[in-house]
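Here's the structure, in structure tokens; my notes come after.
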Amino acid sequence: MCLGIPGQVVEFVDPEHHIAKADVSGVRRNVNVGLLSEGSEAVDVGDWVLIHVGFAMSKIDEQEATATRQFLETLGEPYEEELAELKGSQIE
Amino acid sequence: MRFVDEFRSGDVARQIAERIAGLVEPGRHYKVMEVCGGHTHAIYKHGVEDLLPPEIELVHGPGCPVCVIPMGRQDDAIAIAERPEVIFTTFGDMVRVPASHGSLLDAKARGADVRMVYSPLDALKIARENPDRQVVFFAIGFETTTPSTALTLLRARAEGIRNFSLFANHVTIIPAIRAILDSPDLRLDGFIGPGHVSTVIGLRPYRFIARDYDKPVAVSGFEPLDVLQGVYMVMRQLASGRNEVENQYTRVVREEGNPRALRAIAETMELRTSFEWRGLGFISQSALKLRDEFADWDAEVRYELPGVRVADPKACQCGEVLKGVIKPWECKVFGTACTPDRPIGTCMVSSEGACAAYYNYGRFARRRGREAEIAGLEPVVREPASA
Ligand code: SF4
């Protein structure tokens with residue numbers, strides 16, 4: 001729950017409700033991007049974001065996303081669990 | 001500073017460690033608190049302490065949301081979950097937390113409909129699909145998860161989903177830091193501030209630590225090099241007599257935080273007069289509840305709750321651990337009666353809890369050593385002195 005996991009926004013699914021599809025280590029799930037909808041923080045397709053419990057919380061660059069993912073992979077179990085939980089998610 | 005290329009390089013870590021060592025005043029003992037459980041986890045996992053000079057002690061703080069929920073609230077959660085009409089949804093971290101009569105998992109085994117979800121929006125979906133049931137979401141966490149709960153609530157209202165409610169237990173980090181600063185048990189020299197919480201609240205809320213308590217703060221990321229650099233920033237301030245709030249994690253944390261997230265919280269929630277934290281006792285204005293206009297979605301309004309204050313298990317010293325007064329292994333039942341498989345206290349439940357982190361990466365470092373390997377950063381191999 002506390003891990004921020006990096007994902008790339010691949011498409012907007014439901015713009016009215018700020019729902020976009022993100023790719024996290026190959027897992028594609030819907031997330032809410034409503035917190036990143038203003039000014040320079042507004043996300044677009046192709047952008048990288050840090051996701052907490054199904055919500056994109058901050059925009060990051062690709063290098064940062066890669067580094068964060070590498071770090072999370074070194075954590076082992078906590079990241080695997082987070083990914084498994086994300087897999088079970090069906091946000092609409 | 002970027003660690004992308006240097007990330008796997010132990011040389012960089014050692015260089016920072018050397019610079020830190022160069023800032024130590026002979027004969028002085030430094031206590032630096034890392035507030036966030038994510039930092040605690042990274043520190044144990046990667047043996048960050050082993051790179052520090054012996055004069056610097058990292059003290060683990062209260063920033064693990066699973067750890068700080070008091071027993072009485074967990075009992076309340078189970079009381080809600082056991083109502084026949086309720087589908088009780090929760091993050092996976094909470095289901096093993098021991099309450100007065102077992103955990104949520106035990107309640108599930110007795111027949112309660114307890115479901116683990118990844119996101120509060122998953123809980124909302126369950127409510128949509130089960131109009132004849134009441135779906136309650138166990139909302140916990142610091143400012144990292146609070147905005148998600150807020151947005152989920154706004155969506156429930158917008159869609160007119162009435163069979164959905166929140167059992168709100170969101171806590172705020174600043175009053176807990178203040179309580180620790182006011183506690184007579186502990187003398188701290190500086191703080192490693194939480195990274196992800198700060199993406200929401202920004203840097204301003206920490207200023208009182210520098211201004212009123214004359215202590216340096218470095219908001220830091222979660223990689224071992226981030227934590228090391230955070231320690232370096234704190235030590236540099238101490239060496240030059242400065243007390244400021246610095247941002248090590250500029251690649252993610254903005255000075256002003258996330259205004260959209262703060263607005264969503266303010267729109268849906270307000271501060272409670274007081275809230276009990278496990279081990280820390282009641283702290284005024286340290287948690288959030290739903291505003292009156294959202295009473296229809298408030299599980300505390302909807303259901304009669306026991307609301308009884310329950311003392312922590314006698315054997316458990318989570319309180320002292322959360323305040324950084326004792327190290328996990330100084331607890332008498334650490335690793336014997338209390339293990340991650342059979343936790344007595346919350347600090348042993350979450351992988352971010354100091355007891356679990358220490359148990360997983362300290363005591364059994366040799367077994368886990370290989371997984372823990374990060375080139376150049378030796379995995380921690382430290383046996384608890386008392387075991
Ligand atoms: S080892 Fe277990 S009982 Fe002791 S403080 Fe930690 S969680 Fe509590």
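When A:LEU50, A:LEU86, A:LEU72 are checked against the criterion of being at pLDDT below 90 and buried (at least 20 other Cβ atoms within 10 Å of the Cβ), A:LEU72 stands alone in meeting it. Per the listing A:GLU16, A:GLU80, the residue uniquely under 26 Å from B:LYS45 (Cβ atoms), in a helix (DSSP H, G or I) and of a type in the set (Asp, Glu) is A:GLU80.
I'd like the residue in segment B:93-112 that is assigned to a helix (DSSP H, G or I) and modelled with pLDDT of 90 or more and, out of all such residues, is nearest to the other protein chains (Cβ to nearest Cβ).
Just the residues of segment B:93-112 that are assigned to a helix (DSSP H, G or I), to begin with: B:93-94, B:104-109.
Retained after the next criterion (residues that are modelled with pLDDT of 90 or more): B:94, B:104-109.
Details: B:MET94: 9, B:LEU104: 14, B:LEU105: 15, B:ASP106: 21, B:ALA107: 20, B:LYS108: 16, B:ALA109: 20 Å.
Per the criteria, the residue is B:MET94.
Within segment B:317-329, if we keep just the residues that are more than 7 Å from the ligand (Cβ to nearest atom) and in contact with a Ser or Thr (Cβ under 7 Å, 6 or more places away or on another chain), the residue that is farthest from B:VAL35 (Cα to Cα) turns out to be B:TRP329. Strands (runs of 3 or more DSSP E) fully within segment B:216-272 that include at least 1 residues being over 20 Å from the mean Cα position of the chain (by Cα): B:245-247, B:269-271.
Could you please find all residues in segment B:309-351 being under 22 Å from B:VAL59 (Cβ atoms), of a type in the set (Gly, Ala, Ser) and not in a helix (DSSP H, G or I)? If the condition is that a residue be under 22 Å from B:VAL59 (Cβ atoms), of a type in the set (Gly, Ala, Ser) and not in a helix (DSSP H, G or I), then B:GLY324, B:GLY335, B:GLY345, B:SER350, B:SER351 are the ones that fit.
Taking segment B:113-133 as the search range and keeping residues that are part of a strand (DSSP E or B) and surrounded by fewer than 22 Cβ atoms within 10 Å (Cβ to Cβ), which one is nearest to the other protein chains (Cβ to nearest Cβ)?
The selected residue is B:MET116.
Taken together, the residues in segment B:352-364 that are within 8 Å of the ligand (Cβ to nearest atom) and either more than 16 Å from the chain's Cα centre (by Cα) or part of a strand (DSSP E or B) (or both) amount to 1. Among the residues examined, B:GLU378 qualifies as in contact with an Asp or Glu (Cβ under 9 Å, 6 or more places away or on another chain) and at pLDDT below 65.
Residues of segment A:1-27 that are without any contact (Cβ under 8 Å) to a residue 24 or more places away in the chain and over 18 Å from A:MET57 (Cβ atoms): A:VAL13, A:PRO15, A:GLU16, A:GLY26.
Of the residues in segment B:173-187, how many are part of a helix (DSSP H, G or I) and without any contact (Cβ under 8 Å) to a residue 12 or more places away in the chain? Even if it seems obvious, please write down each step before you answer.
Narrowing segment B:173-187 to residues part of a helix (DSSP H, G or I): B:173-182.
Narrowing the set further to residues that are without any contact (Cβ under 8 Å) to a residue 12 or more places away in the chain leaves B:182.
Result for segment B:173-187: 1.
Rundown of residues vs (1) under 29 Å from B:PRO224 (Cα atoms); (2) more than 9 Å from chain B (Cβ to nearest Cβ), yes/no style:
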{"residue": "A:ASP14", "(1), (2)": "no, yes"}
{"residue": "A:ALA20", "(1), (2)": "no, yes"}
{"residue": "A:GLY34", "(1), (2)": "no, no"}
{"residue": "A:ASP44", "(1), (2)": "no, yes"}
{"residue": "A:TRP48", "(1), (2)": "yes, yes"}
{"residue": "A:LEU75", "(1), (2)": "yes, no"}
{"residue": "A:GLU82", "(1), (2)": "yes, no"}
{"residue": "A:GLY88", "(1), (2)": "no, no"}
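Within segment B:281-288, the presence of a residue that is more than 14 Å from every other protein chain (Cβ to nearest Cβ), more than 16 Å from the ligand (Cβ to nearest atom), crowded, with 22+ Cβ neighbours inside 10 Å and over 18 Å from the mean Cα position of the chain (by Cα) is excluded.
Evaluation of B:LEU154 against the conditions (1) in a loop (DSSP other than H, G, I, E, B); (2) surrounded by fewer than 19 Cβ atoms within 10 Å (Cβ to Cβ); (3) of a type in the set (A, V, I, L, M) shows that the sole unmet condition is (1).
Segment B:1-90 holds helices (runs of 4 or more DSSP H) entirely within its bounds, and those carrying 3 or more residues that are hydrophobic (A, V, I, L, M, F, W, C) and in contact (Cβ under 8 Å) with a residue 12 or more places away in the chain map to B:10-22, B:65-68, B:71-81.
Here is a yes/no grid of residues against (1) small (Gly, Ala, Ser); (2) farther than 18 Å from B:GLU352 by Cα; (3) at pLDDT below 95:
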{"site": "B:ASP189", "(1), (2), (3)": "no, yes, no"}
{"site": "B:VAL197", "(1), (2), (3)": "no, no, yes"}
{"site": "B:ILE209", "(1), (2), (3)": "no, yes, no"}
{"site": "B:GLY221", "(1), (2), (3)": "yes, no, yes"}
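Given the structure, is B:LYS332 within 16 Å of the ligand (Cβ to nearest atom), within 30 Å of B:ARG28 (Cα to Cα) and more than 21 Å from the chain's Cα centre (by Cα)? Judged against the criteria, B:LYS332 is a match.
The condition of being under 22 Å from B:SER103 (Cα atoms), modelled with pLDDT under 85, more than 8 Å from the ligand (Cβ to nearest atom) and among the charged types (D, E, K, R) holds for B:LYS314.
Output the residues belonging to segment A:1-12 that are within 11 Å of another protein chain (Cβ to nearest Cβ) and in contact with a Gly (Cβ under 7 Å, 6 or more places away or on another chain).
First, pick out the residues of segment A:1-12 that are within 11 Å of another protein chain (Cβ to nearest Cβ): A:1-6.
Residues satisfying the conditions are A:MET1, A:CYS2.
Every test in (1) within 16 Å of the ligand (Cβ to nearest atom); (2) crowded, with 17+ Cβ neighbours inside 10 Å; (3) farther than 30 Å from B:GLU82 by Cα is passed by B:VAL252 save one, and that test is (1).
Taking first residues from segment B:263-274 that are surrounded by fewer than 14 Cβ atoms within 10 Å (Cβ to Cβ) and partners that are among the β-branched types (Val, Ile, Thr) and not in a helix (DSSP H, G or I), the Cβ contacts under 8 Å between residues at least 6 apart in sequence or on separate chains come to B:SER274/B:ILE283.
Sub-8 Å Cβ pairs linking a first residue in segment A:48-76 that is in a strand (DSSP E or B) to a second residue that is aromatic (Phe, Trp, Tyr), at least 6 apart or interchain, are A:LYS59/A:TRP48; A:ILE60/A:TRP48, ordered by first then second residue.
The values are calculated or read from the model by the stated rules, or taken from the named source; none is laboratory data. These numbers come from a predicted model, not from an experiment. All Cβ positions, even for glycine, are placed from backbone atoms using ideal geometry, and neighbour counts span all protein chains on display.
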